[in-house]
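A.B. asks: This structure is in structure tokens; I'll ask about it shortly.
Throughout, read-outs are computed from the coordinates displayed, never taken from laboratory work. Keep in mind that this is a model prediction, so the values were computed, not measured. Here the Cβ positions follow ideal geometry from the backbone for every residue, glycine too, while neighbour counts run over all protein chains shown.
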Amino acid sequence: MLRFAALAFACLAVSPAFADWDKAKLDKEIAVIERQSRGRLGVALLDLRDRKTWSHRGAESFPMQSVFKWPLAIAALQAVEAGKLKLDQPITIKRSEFSLYNSPLAKAFKGESNTYPLRELIALAAGESDNTAADILMREIGGPKAVTAMLKGGGISGISVDRYERQFQPEVFGLPGFTWTEIIDEPAYRAKLSALDPKKRQQALQAALKDKRDSATPEASVLFVEAQAKGNWLRDPAHSALIDKIVTETKSGPDRIRAGLPEGARLAHKTGAGLTMDGVNHATNDIGLVTLPNGRVFAIAVYLAGSSADAKQREATHAAVAKAAVGALR
């Protein structure tokens, strides 16, 4: 696998800067795709060869969901480079510290406590979107604000990480978030969520869709991906290679951006998805770096918020955006 940095250098070194996106074509196609998505669609594209960009709602904020786990993984490796942590450092996790929703770690857990090397938690969070691993990892590096500070330090101001999974997931639908002193009984939590007054859930969701916390703009997201491609986030090439490997080999989101790319294209990416309640989905997202068979490389961010479409159609929206992006790259 070619490293992101090598790909970015090759793109920047190729021929004069004459390429551009067919903006009129994209404007028309993405407008149709947004109407079909039955939600608010945000898209940004950045060609790494000449830095030409195109966006739709590119400066608007969208809920990230698990997209935040990519910068989280980088922030953890920056902590390693700063000497605060070690990649093979053992981290003990207690059963009482499980977070909500997706967690392969929790499913495979045995006994009351287990120990994992830091590198495994990074891979679980960024590669398998493990919520327990992400929360523990974020706690180890100093909390959500450490990730936002890392991004701002790298010149990215449109992405904000503010809460742990255990905090923001319940708040999306009007329940109080869990503190670190509370043990999460997920079946009881889901029952409480289902029993909540639908009007309260809907009001909370509409507020969450406008919340600037734990949000990102599509334009900031492609700048984040570009910085990873250039190797800007980490000093040690081995650490950059580790992140590249994780986000390239992830199996998540096969029907999103990946499904809209031509055969032979490569994608390094991170997905994010929220719950659907009362017929409205919180978020269905995917951001990444696309390498086409002809060698062209571009960053892409697709955020879909507040959609009333089913999961299949939401994912098809991502695929349609990716296909339109490839078709408009001149």
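A.B. asks: Using 7 Å Cα-to-Cβ label points, what is the Lys94/Ile183 separation (nm, one decimal)?
C.D. replies: 0.9 nm
A.B. asks: Ok, one more. Could you give the alpha-carbon Rg of segment 4-328 over 2.2 N^0.38 Å, rounded to two decimals? Show your work: numbers first, answer last.
C.D. replies: Working: Rg = 19.2 Å, N = 325, 2.2 N^0.38 = 19.8 Å.
Working it through for segment 4-328, the quotient is 0.97.
A.B. asks: While we're on this one: Would you work out the relative contact order for segment 168-209, in percent, from Cα pairs under 8 angstrom that are 6 or more residues apart? Provide the component values of the computation, followed by the final result.
C.D. replies: Numbers: 26 pairs, mean separation 23.6, N = 42.
Once normalised by length, the contact order is 56 percent.
A.B. asks: Any idea which of Gly177, Pro144, Tyr303 is furthest toward the positive side of the dipole for the chain, if Lys and Arg beta-carbons carry +1 and Asp and Glu beta-carbons -1?
C.D. replies: Tyr303
A.B. asks: Projecting each Cα onto the charge dipole of segment 209-284 (Lys/Arg +1, Asp/Glu -1 at the beta carbon, about the Cα centre), which of His269, Gly231, Thr217 comes out farthest on the positive side?
C.D. replies: Gly231
A.B. asks: Which loop-located trypsin sites (Lys or Arg not before Pro) does segment 251-308 contain, where loop means any DSSP state but H, G, I, E or B and the Cβ has at most 13 other Cβ atoms within 10 Å?
C.D. replies: Working: sites: Lys251, Arg256, Arg258, Arg266, Lys270, Arg296; in loops: Lys251, Arg256, Arg296.
The qualifying sites are Lys251.
A.B. asks: Within segment 128-217, list the trypsin sites (Lys or Arg not before Pro) lying in a DSSP loop whose Cβ has at most 13 other Cβ atoms in a 10 Å radius. Write down the numbers at each step before the final one.
C.D. replies: Numbers: sites: Arg139, Lys145, Lys152, Arg163, Arg166, Arg190, Lys192, Lys199, Lys200, Arg201, Lys210, Lys212, Arg213; in loops: Arg163, Lys212, Arg213.
Passing sites in segment 128-217 are Lys212.
A.B. asks: Same structure, new question: Compute the Cα gyration tensor for segment 34-96, then decide on rounded, prolate or oblate, letting a ≥ b ≥ c be the square roots of its eigenvalues: rounded whenever a/c is under 1.5, prolate when a/b is larger than b/c in the other cases, and oblate in all that remain.
C.D. replies: On the way: a/c = 4.41, a/b = 1.78, b/c = 2.47.
Judged from the Cα gyration tensor, segment 34-96 comes out oblate (a/c at least 1.5, b/c at or above a/b).
A.B. asks: Counting only GluC sites (Glu not before Pro) that are in a DSSP loop and have at most 12 other C-beta atoms within 10 Å, tell me the longest site-free stretch of the chain.
C.D. replies: On the way: sites that count: Glu112, Glu182, Glu263.
That would be 1-111.
A.B. asks: Can you tell me the dipole magnitude for the chain around its Cα centre, using point charges on the Cβ only (Lys, Arg +1; Asp, Glu -1), in Debye to the nearest 20?
C.D. replies: Details: 45 positive and 37 negative charges, 78 e Å.
Here the chain has a charge dipole of around 380 debye.
A.B. asks: Here's a follow-up. How high is the relative contact order of the chain, in percent, counting Cα pairs under 8 Å that sit 6 or more residues apart?
C.D. replies: Values: 641 pairs, mean separation 93.1, N = 330.
RCO, the chain: 28 percent.
A.B. asks: Between Ala207 and Lys28, how high is the FRET efficiency from 1/(1 + (r/R0)^6) when r is the Cβ-Cβ distance and R₀ = 30 Å? Nearest 0.05.
C.D. replies: On the way: r = 33 Å, r/R0 = 1.09.
Efficiency at R0 = 30 Å is approximately 0.40.
A.B. asks: I'd like the chymotrypsin sites (Phe, Trp or Tyr not before Pro) in segment 14-122 restricted to DSSP loop residues with at most 10 other Cβ atoms within 10 Å, sorted by number.
C.D. replies: Numbers: sites: Phe18, Trp21, Trp54, Phe68, Phe98, Tyr101, Phe109; in loops: Phe18, Phe98, Tyr101, Phe109.
Counting only loop positions with at most 10 other Cβ atoms within 10 Å, the chymotrypsin sites (Phe, Trp or Tyr not before Pro) in segment 14-122 are Phe18.
A.B. asks: Ok, one more. Residue by residue through segment 88-94, which ³J(HN,Hα) values in whole Hz follow from phi under the Karplus form 6.51 cos²θ - 1.76 cosθ + 1.60 (θ = phi - 60°), with glycine and proline marked x?
C.D. replies: After applying 6.51 cos²θ - 1.76 cosθ + 1.60, I find 9, 4, x, 10, 8, 10, 9 Hz.
A.B. asks: Find how much the distance from Leu175 to Arg35 grows on full extension, using 0.36 nm per residue of separation minus their present alpha carbon separation; answer in nm with one decimal. Write out the running numbers ahead of the final one.
C.D. replies: Working: separation 140, 0.36 × 140 = 50.40 nm, distance 3.08 nm.
The span from Leu175 to Arg35 would gain 47.3 nm if fully extended.
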